[in-house]
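Scroll down for the structure; my scribbles are underneath it.
The values are calculated or read from the model by the stated rules, or taken from the named source; none is laboratory data. Model, not experiment: these values are computed from the prediction. Every residue, glycine as well, gets a Cβ built from its backbone with ideal geometry; the counts of neighbours run over all protein chains shown. Surface areas here come from the heavy atoms of the whole protein model, side chains and all, with no ligands, DNA or RNA. Shrake-Rupley method; radii C 1.70, N 1.55, O 1.52, S 1.80 Å.
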Amino acid sequence: MLRTKTLLIKVIQIKRQCPIYQVGDTFQIINGYQLVADKPLCMHSLASLMPYYVALSRGIDPVDLGLAKEGKIAYLQCLDPCEYTGGGTVVFAVTTEENLI
């Protein structure tokens, strides 16, 4: 059986204002595919995470994926182009249990 790491996703910045998230909000992906959250999540944020969550949960280095300059934390942002929608672009830090934010 393939071992996966729990991903911890944390909101670290919001450009403009987001109706869903606040800086410091977190959610998890466990067992490589199970989303765990205490509050509603935004589909824009999930769309930005979809291409990478499997690789990150299998331990692929964020630098190798182009999601960081260095280190073990991956950085992603939601797809809301806030300047045109009036919403907010949210920046996430994605790490594993071993590399807590």
Any chance the stretch 82-99 includes a residue that's of a type in the set (Phe, Trp, Tyr), part of a strand (DSSP E or B), buried (at least 16 other Cβ atoms within 10 Å of the Cβ) and without any contact (Cβ under 8 Å) to a residue 40 or more places away in the chain? no
Which residue is surrounded by the fewest Cβ atoms within 10 Å (Cβ to Cβ), if the candidates are limited to the stretch 66-81 and must be among the small types (Gly, Ala, Ser) and in a loop (DSSP other than H, G, I, E, B)? GLY66
Residues of the stretch 19-45 satisfying the condition of being surrounded by 14 or more Cβ atoms within 10 Å (Cβ to Cβ), within 15 Å of GLY87 (Cβ to Cβ) and modelled with pLDDT under 95: ILE20, CYS42, HIS44, SER45
All positions within the stretch 14-34 that are in contact with a Ser or Thr (Cβ under 6 Å, 6 or more places away or on another chain) and touching a residue at least 60 places away in the same chain (Cβ under 8 Å): LYS15
Residue among VAL63, VAL54 that alone is closer than 21 Å to THR4 by Cα, in a loop (DSSP other than H, G, I, E, B) and open to solvent by less than 90 Å² (accessible area, probe 1.4 Å): VAL63
